[in-house]
Amino acid sequence: MKIISSQKTAYMMTIRGDILVSVLVFAAVAVTMVIGLVNWGATLIVNARMAVKSEQAFEIAEAGLSSFRGNIANITSDNQTHTYKQDFFDKDGNILGNYVLEVAPTTVGSTKISVSSKGSVDLNSSKISRTIEAVFGLPTFTKYAIVSNDGLIFSFDTETSGPVMANGVIHFNGIANNIISSATAVDGSGVFYAGKQAPVTVVDFSGLGADFQGLQTVASSSGTYYARSQYDESPAYGYHIALNQDDTFTLYTVTELVAAPAGCSSATAGWGTWSIHSQSFLGTYTLPVQGLLFFNDDVWVDGTIDGSRLTIAANNITVNSDLSYIKYDNTEALGLIAKENINIGLVSADSLHIDGALIAENGRVGRFFYPSACRVDGIDYSHRSTLTLNGSIATNKKFGFTYTDGTAYTARNIAYDVNLAGNPPPYFPIIKQGGSQGNQYKMISWKEVR
């Protein structure tokens, strides 16, 4: 009996020991879990506080951009970086943090201003900051793919890629991939994927005269103004500008134009072949730093630019040979501003490519009507194959590169260069609408810097 009792006692002690071990294990697990939960909770609280502070820093950075836009006219913009710091207060007058604005140097002739806004708040002994970079700009005529002071007509085989605007009626029968708007009316059987708007506020073309005069003033002060061309002490027909890839341009005096062939005529005012027969070499020059060439004469332009930004202003501008970019990476921009017309002449390339933003202040962008009798040295120049234009068009009168009899360019590929909207050529005219002075800066783009 005693032996059995001893065995039972030992068995009971073993059970109690196992229970104690289990209790200790579970207690340790529970303590570990509680500590983990406490730490997790504390981390959540810290993260929540950091998230709140981070959001406050972001909103303060946004407030900095809003303040910049509201005071942009009073902020210096030149070739220096300018820094502005401002405390930010809550509704009770307590300081929540501050923002620091850094205004980047501006490019000569640019309508853009780049700025960064860094919003900061304190959290314990550390500082939480968030930074936003933004670009503000004045809307120029490159805002539109096509804008006209007259009406516009688009045939069934037309497809537009950018916004189109006219002060007159737009008859649209093609495919529109962006908004078609008119100060008068929009009609036609076209497909309007982005919709149409009418009536809207007119685009002021009358102000372009002052802009043109301003370009002459800038060019005169910078040494890039060219007076009326002369040849052998007699007035010439204008200048030929050949753009080179090495940031230079070669200049010629146009001494004779192609004569209109027999049977090739038009009653249209200003009609002519607009084609060079002979010219005289003047020299090769470096493209101006400020990006502006002004000619008090007619000019012919062709060639290629590589990484340059340039605006050419003249009375009439003609493009008969390719005028193109190299990189197409937004580092290149070309603006052509004519006081009268931007022409494609009679003796033009069968397949013609033009890169750039075009403005005809008082005339039109296009090609005159050359009937089938317009043959030069036996070549029928009345019928051309393909015109490709990458950029934008602003024209006072109706524009066009083809006619109902099939003459001019059979295929017209007109694409909107969206890069020009936010980064136009130097000194490009600002759009004035509704009597405004066009000084309302708009945010073109923004991004957070991490």
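The values are calculated or read from the model by the stated rules, or taken from the named source; none is laboratory data. As the structure is a computational prediction, the values presented were derived from the model and not from experiment. In this analysis, Cβ positions are derived from the backbone assuming ideal geometry, glycine residues included, and neighbour counts consider all displayed protein chains.
Within the bounds of the range 334-347, is there any residue that is of a type in the set (S, T, N, Q), over 20 Å from residue 287 (Cβ atoms) and in contact with a Leu (Cβ under 7 Å, 6 or more places away or on another chain)? Taking every residue of the range 334-347 in turn, none turns out to be of a type in the set (S, T, N, Q), over 20 Å from residue 287 (Cβ atoms) and in contact with a Leu (Cβ under 7 Å, 6 or more places away or on another chain). When each of 318, 268 is tested for being touching a residue at least 40 places away in the same chain (Cβ under 8 Å), touching a strand residue (DSSP E or B) at 6+ places or on another chain (Cβ under 8 Å) and of a type in the set (Ser, Thr, Tyr), the lone residue that passes is 318. Under the condition of being within 24 Å of residue 259 (Cα to Cα) and of a type in the set (A, V, I, L, M), the residues counted in the range 278-294 number 1. If you go through the range 182-207 and pick out every residue that is within 23 Å of residue 363 (Cβ to Cβ), modelled with pLDDT of 95 or more and buried (at least 17 other Cβ atoms within 10 Å of the Cβ), you end up with 2.
Of the listed requirements (1) surrounded by 11 or more Cβ atoms within 10 Å (Cβ to Cβ); (2) at pLDDT 70 or above; (3) β-branched (Val, Ile, Thr), residue 32 misses just one: (1).
A quick yes/no check of all residues on (1) under 27 Å from residue 209 (Cα atoms); (2) not hydroxyl-bearing (Ser, Thr, Tyr):
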| site | (1), (2) |
| --- | --- |
| 266 | no, no |
| 324 | no, no |
| 335 | yes, yes |
| 350 | no, yes |
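When the range 352-363 is limited to residues that are in a loop (DSSP other than H, G, I, E, B) and of a type outside the set (S, T, N, Q), the one that is surrounded by the fewest Cβ atoms within 10 Å (Cβ to Cβ) turns out to be 363.
Restricting attention to the range 295-332, the residues that are farther than 25 Å from residue 416 by Cα and in a strand (DSSP E or B) add up to 1. Taking the range 364-389 as the range and being surrounded by 22 or more Cβ atoms within 10 Å (Cβ to Cβ), over 23 Å from residue 205 (Cα atoms) and under 30 Å from the mean Cα position of the chain (by Cα) as the test, only 387 passes.
Is at least one residue of the range 442-450 of a type in the set (A, V, I, L, M, F, W, C), under 27 Å from residue 299 (Cβ atoms) and either surrounded by 18 or more Cβ atoms within 10 Å (Cβ to Cβ) or out of contact with any helix residue (DSSP H, G or I) (no Cβ under 8 Å at 6 or more places or on another chain) (or both)? Scanning the range 442-450, I find no residue that is of a type in the set (A, V, I, L, M, F, W, C), under 27 Å from residue 299 (Cβ atoms) and either surrounded by 18 or more Cβ atoms within 10 Å (Cβ to Cβ) or out of contact with any helix residue (DSSP H, G or I) (no Cβ under 8 Å at 6 or more places or on another chain) (or both), so the answer is no. For the structure I just gave you, tell me whether residue 53 is basic (Lys, Arg) and at pLDDT 85 or above. No; evaluated as a whole, the condition is false for this residue.
Against the list (1) polar (S, T, N, Q); (2) surrounded by fewer than 22 Cβ atoms within 10 Å (Cβ to Cβ); (3) assigned to a strand (DSSP E or B), the condition residue 106 fails is (3). Filtered by the rule that a residue be free of Cβ contacts under 8 Å to residues at least 24 places away in the same chain and part of a strand (DSSP E or B), the range 202-230 gives a lone residue, 230. Can you give me the number of residues within the range 294-323 that are touching a Ser or Thr at 6+ places or on another chain (Cβ under 7 Å) and either within 20 Å of residue 141 (Cα to Cα) or outside the structural domain of residue 384 (by TED's automatic domain parsing) (or both)? Counting residues in the range 294-323 that are touching a Ser or Thr at 6+ places or on another chain (Cβ under 7 Å) and either within 20 Å of residue 141 (Cα to Cα) or outside the structural domain of residue 384 (by TED's automatic domain parsing) (or both) gives 1.
Kindly indicate whether any position in the range 210-219 is within 28 Å of residue 252 (Cα to Cα), crowded, with 18+ Cβ neighbours inside 10 Å, in contact with a strand residue (DSSP E or B) (Cβ under 9 Å, 6 or more places away or on another chain) and aromatic (Phe, Trp, Tyr). Scanning the range 210-219, I find at least one residue that is within 28 Å of residue 252 (Cα to Cα), crowded, with 18+ Cβ neighbours inside 10 Å, in contact with a strand residue (DSSP E or B) (Cβ under 9 Å, 6 or more places away or on another chain) and aromatic (Phe, Trp, Tyr), so the answer is yes. Is there a residue in the range 120-127 that is outside any strand (DSSP E or B) and under 17 Å from residue 443 (Cα atoms)? Taking every residue of the range 120-127 in turn, none turns out to be outside any strand (DSSP E or B) and under 17 Å from residue 443 (Cα atoms). Scanning the range 337-351 for residues that are part of a loop (DSSP other than H, G, I, E, B) and either more than 18 Å from residue 387 (Cα to Cα) or in contact (Cβ under 8 Å) with a residue 40 or more places away in the chain (or both) yields 339, 340, 341, 344, 345, 346, 347, 348. The set of residues from the range 139-167 being buried (at least 21 other Cβ atoms within 10 Å of the Cβ) and among the aliphatic types (A, V, I, L, M) comprises 145, 146, 147, 152, 164, 165, 166. Looking across the range 157-192, just one residue is assigned to a strand (DSSP E or B) and in contact with a His (Cβ under 7 Å, 6 or more places away or on another chain), and that is 187. When the range 293-309 is filtered for residues that are over 15 Å from residue 239 (Cβ atoms) and of a type in the set (A, V, I, L, M), only 305 remains.
Just so you know, in the range 402-418 the residues that are assigned to a loop (DSSP other than H, G, I, E, B) and at negative phi include one that is surrounded by the most Cβ atoms within 10 Å (Cβ to Cβ), and it is 417. One residue stands out among those in the range 115-138 that are hydroxyl-bearing (Ser, Thr, Tyr) and touching a Ser or Thr at 6+ places or on another chain (Cβ under 9 Å): the one that is surrounded by the most Cβ atoms within 10 Å (Cβ to Cβ), which is 117. Of the strands (runs of 3 or more DSSP E) lying entirely inside the range 231-291, those carrying at least 3 residues that are exposed (fewer than 14 other Cβ atoms within 10 Å of the Cβ), at pLDDT 95 or above and assigned by TED's automatic domain parsing to the domain that holds residue 301 are 276-286.
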